[in-house]
Amino acid sequence: MIRSVAVLGAGVMGAQIAAHIANAGVPAFLLDITTEAAAEGLKRARGLKPDPFFTPDTWKLVTTAGFDQGFAKLNEADWIIEAIVEKLDVKRELLARVDKARRPGSIVSTNTSGIPVHAIAEGRSDDFRRHWLGTHFFNPPRYLHLLEIIPTEETSRGVIDEISSFADHHLGKGVVVAKDTPNFIGNHLALAGVVHLLSLVAKGEYTIEEIDAITGPPIGRPKSATFRTLDLAGVDILVHVIRNLHERLPDEEARARFVLPPFVESMIAKGLIGEKAGQGFYKRVRGAGGESEILTLDHETLEYRPRKAPKLPSLDAGNAITDTGERIKALFNGKDRVGQFLRSTLAPALVYAANVTPEIAHSPDDVDGVMGWGFCWEL
C-alpha cells in the first residue's frame with residue numbers, strides 16, 4: 001500500500017508529480033539539492049497555469065527539504081520517484097545514496113523520458129533492482145492521462161501491479177506497460193514523425209503554418225498541432241530526445257531516421273527554445289498599440305516574420321466531414337498539397353509504427369493508448 005511518496009528533483013516535472021500525488025490525498029516529500037531549491041520548485045508549481053493542484057490548499061500535503069536533510073526520511077516513503085536531470089551518471093550517483101537510505105521493499109522509479117531504465121540501476125542492491133522500474137509521466141502530469149510504466153527484467157511482478165493499480169485508481173492514469181527501449185513508445189513514435197516534418201520545412205516544401213494547419217484538428221490532433229506543441233514542450237527537450245534516439249537505437253537504418261536539420265541546432269544555439277524562452281517556432285510580440293501579434297520563425301534567417309495564413313481549401317471542405325477517420329481518408333486521397341503532404345508523411349509514419357511496435361510495445365492497442373492518452377490523438 002502506498003501511503004507516502006518522495007520525489008527527488010523539484011524541477012518542472014518533479015514538482016508537478018509531487019502536486020499530483022498530493023491531489024490523490026497522499027503526502028508527498030519533495031527534495032532537491034537544497035531546501036531553498038525544493039521550496040522554490042514548489043512555489044513555481046503553485047503559480048503554473050493550468051494549475052497542477054486540485055484545490056488551493058492541496059499544496060499543503062507537499063513538504064520540501066534538501067537532499068542532505070531529506071534523505072534521512074526516505075525510509076518512511078513507500079514510493080520514491082527520481083525526477084532529476086537527464087544524465088545517466090548523475091542519476092546513478094543519486095540512486096546509490098537512495099539505495100542506502102530506503103527501507104527494503106520500498107518502490108523506486110525514474111521519470112526518465114528515454115535513458116534505459118535497467119542501465120540507471122546498474123550496481124544497486126538486489127532488493128533495489130527488484131523494486132525498480134520506470135514511471136514516465138507526461139507533462140503536465142495532472143492533465144495528460146498517460147503513464148508509461150517500464151519494468152526491467154528484474155522488476156517484481158508485484159511492483160508492476162502495485163504501481164499500475166495506484167496510478168489507475170488514485171492518480172487517474174491510463175497505464176501502458178512499455179518495453180525498456182530508447183524513449184519507450186510515445187516519444188519514439190511521435191518524434192519519428194516530427195523529424196520528417198522538420199525536414200520538409202528545411203527543404204522549403206511546406207511552411208510552418210501549413211504543417212500546423214494540417215497536423216491539428218483536421219487529422220484528429222490538438223489545436224497546438226506540431227510546432228506550437230514543440231514550443232510548449234521545449235525545443236531543447238526535442239533535441240535531447242532525438243539525440244538520445246540517434247545514439248541508442250540498435251541499427252544504422254533506425255538511427256538515420258533521427259537526424260535533425262541544421263537549423264534546429266542553430267535555434268538552440270540562439271536560445272530559440274520555445275515558450276519558456278518566449279520564442280521558438282513562434283514568438284508573441286506586442287504592437288505599439290498594445291495589441292498582441294504572433295510571429296513565425298524564418299528557418300533560413302532565424303528571424304521572425306508575420307504569420308502567413310495557409311491557403312489549403314481542402315481543409316475547409318474537410319470540416320464538413322464529422323467522422324475523423326473518413327475526414328483523414330478524404331484529405332489523404334486529395335489531389336492537392338494536403339493530400340500530397342499526408343501521403344508523404346502520415347503513410348510512412350504508420351508503416352514505421354507497424355514495423356517497430358513489436359520491439360517497443362506489447363501490443364498495437366498499447367501504441368494506440370499511448371498516442372491517444374499522451375498526445376491527445378483521436379486515432
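Here is how the numbers come out for the structure above:
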read-out	value
Along principal axes, Cα extents of the range 1-143, largest first, whole Å	41, 29, 28
Spin-label pair E252/E86, simplified geometry with 7 Å Cα→Cβ offset, distance in nm	2.7 nm
Spatially proximal aspartates and glutamates relative to K329 (Cα-Cα < 18 Å; intrachain offsets below 8 disregarded)	D316, E378
Within the chain, percent of DSSP bridges classed antiparallel, to nearest 5	40 percent
Overall dimensions of the range 59-150 by Cα: Rg and Dmax, Å	13.2, 36
Calculated FRET efficiency for the pair N75/H196, C-beta based, R₀ 45 Å, to 0.05	0.40
Cα radius of gyration and Dmax for the range 172-312 (Å)	16.2, 55
Partner aspartates and glutamates for K335 [C-alpha distance under 13 Å; skip if fewer than 8 residues away on the same chain]	none
Label-to-label distance, nm, for residues given as T55 and H362 (7 Å Cα→Cβ offset)	3.6 nm
Amide N of the range 184-225 lying under 14 Å from the label point, which is placed 7 angstrom from the Cα of S344 along Cα→Cβ	196-208, 210-211
FRET E, pair H145, V351, Förster distance 41 Å, beta-carbon r, rounded to 0.05	0.95
Nearest-10 value in Å² for the accessible area of R337, using the 1.4 Å probe	90 Å²
Residue pairs, from the table K203/K311; K203/K308; K173/K276; K49/K283; K223/K276; K43/K276, whose Cα atoms sit over 21 Å apart	K173/K276
Bins of 20 Å, starting at 0 and running to the largest distance - Cα pair percent for the chain	27, 55, 17, 0
Förster radius 56 Å - calculated FRET efficiency between K335 and E36, Cβ distance, rounded to 0.05	0.35
Candidate aspartates and glutamates for bridging to K73, where Cα separation is under 18 Å - those fewer than 8 sequence places away on the same chain excluded	D32, E36, E82, D99
Against the rule of thumb 2.2 N^0.38 Å, how large the Cα Rg of the range 105-177 comes out	1.06
Sequence ranges 62-69, 171-178, ranked by mean other-Cβ count within 10 angstrom, highest first	171-178, 62-69
Among 270-283, 26-39, 180-193, the order from most to least packed when residues are scored by Cβ within 10 Å on average	180-193, 26-39, 270-283
For the range 290-379, diffusion coefficient by Stokes-Einstein and Kirkwood Rh (Cα), 10 °C, 1.306 mPa s, µm²/s	98 µm²/s
Cα-projected label distance for S224 with R305, points at 7 Å along beta-carbon direction, nm	2.6 nm
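The values are calculated or read from the model by the stated rules, or taken from the named source; none is laboratory data. All values reported here derive from a predicted model rather than from experimental measurement. Cβ coordinates were reconstructed from backbone atoms using ideal geometry, including for glycine residues, and neighbour counts include every protein chain displayed. When the accessible area is computed, the model is the full protein with side chains, heavy atoms only, and any ligands, DNA or RNA have been set aside. Shrake-Rupley method; radii C 1.70, N 1.55, O 1.52, S 1.80 Å.
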